[in-house]
């Protein structure tokens, strides 16, 4: 079978392609997946596995001080795209500090900017801080004269939350479950191999990054980024529920329910085959 691989700069764009029928399986953040599920009344997609936990950070410029909540007044912040998981985390974090964005009459500015452009604006001192996924957090620290203001893991129970999950179309799940099973077998095996061979995994990953972008990531940055990411097939469903509730609070979504968003039945079959503990289904 021929596979076509498509790369997207952020989750919302991937979900738009998914809902247009251009993708069958996607690795995305939880918030875009939830939005796609709610928008279609649960008819189009299901979460079939987790992929990564952690790996999101709030980075400030070295010359910007955010020690007290008063320090956030009038500052300019960035996230990769409106409605993506880091965007929601940033907005909720600022809201808990008592700040609303300027478009809602507040006193802080939140700019949706592609990760590569965030680095440029960081260097120009046109933004004060950004909530980004890895390796962009480590890139901002090492190449953008930034520092880690907050590791998002510190805001979650047991420092675990879904950063990337695997979604599949209902059409694929219902029409070709054997293909989904083979995909998940490979997904679990690759995840296990990476967990057991992190150095070799980073080398292969960097080769692929160089192929796609024509420039590898420096080893020090890659090492730093890897230290904040846990690869896992567990979608950490309580964190999906939390992202859903935050989307409602921010009015990105108007209602609905995600009780049936996950179908872990095939994943659990694969885990039983591998002798690994199964996951609780919702």
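Only the coordinates and a few stated rules stand behind these numbers; no lab work does. Keep in mind the model is a prediction, meaning the values are calculated, not measured. Methodologically, a virtual Cβ is constructed for each residue, glycine included, from the backbone with ideal geometry; neighbour enumeration extends over all protein chains shown.
What the table below lists for this structure:
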read-out	value
Rh (Kirkwood; distinct C-alpha pairs) - the range 109-211, Å	17.1 Å
Neighbour-count ranking [beta-carbon atoms within 10 angstrom, fewest first] of 270, 5	5, 270
Relative contact order (%) - criterion: Cα under 8 Å, at least six apart; region: the chain	30 percent
For the range 91-146, the spread of Cα positions along each principal axis, largest first, Å	33, 19, 17
Rounded to 10°, Cα long-axis angle of helix 85-96 versus longest principal axis of the chain	50 degrees
Tensor-based shape of the range 56-158 (alpha-carbon gyration tensor, a/c under 1.5 rounded, otherwise prolate or oblate)	rounded
Cα convex hull volume per residue for the chain (Å³)	132 Å³
Equivalent ellipsoid semi-axes - Cα gyration tensor, the range 170-213, angstrom	28, 15, 5
Per-residue [θ]222 nm for the chain (sum of -39500 (n - 2.57) over DSSP H runs n ≥ 4, rounded to 500)	-13000 deg cm²/dmol
Pairwise centroid distance, computed over Cα atoms, of the range 183-239 with the range 31-57, Å	20 Å
Rounded tilt (10° steps) of 30-39 against the dominant C-alpha axis of the chain	70 degrees
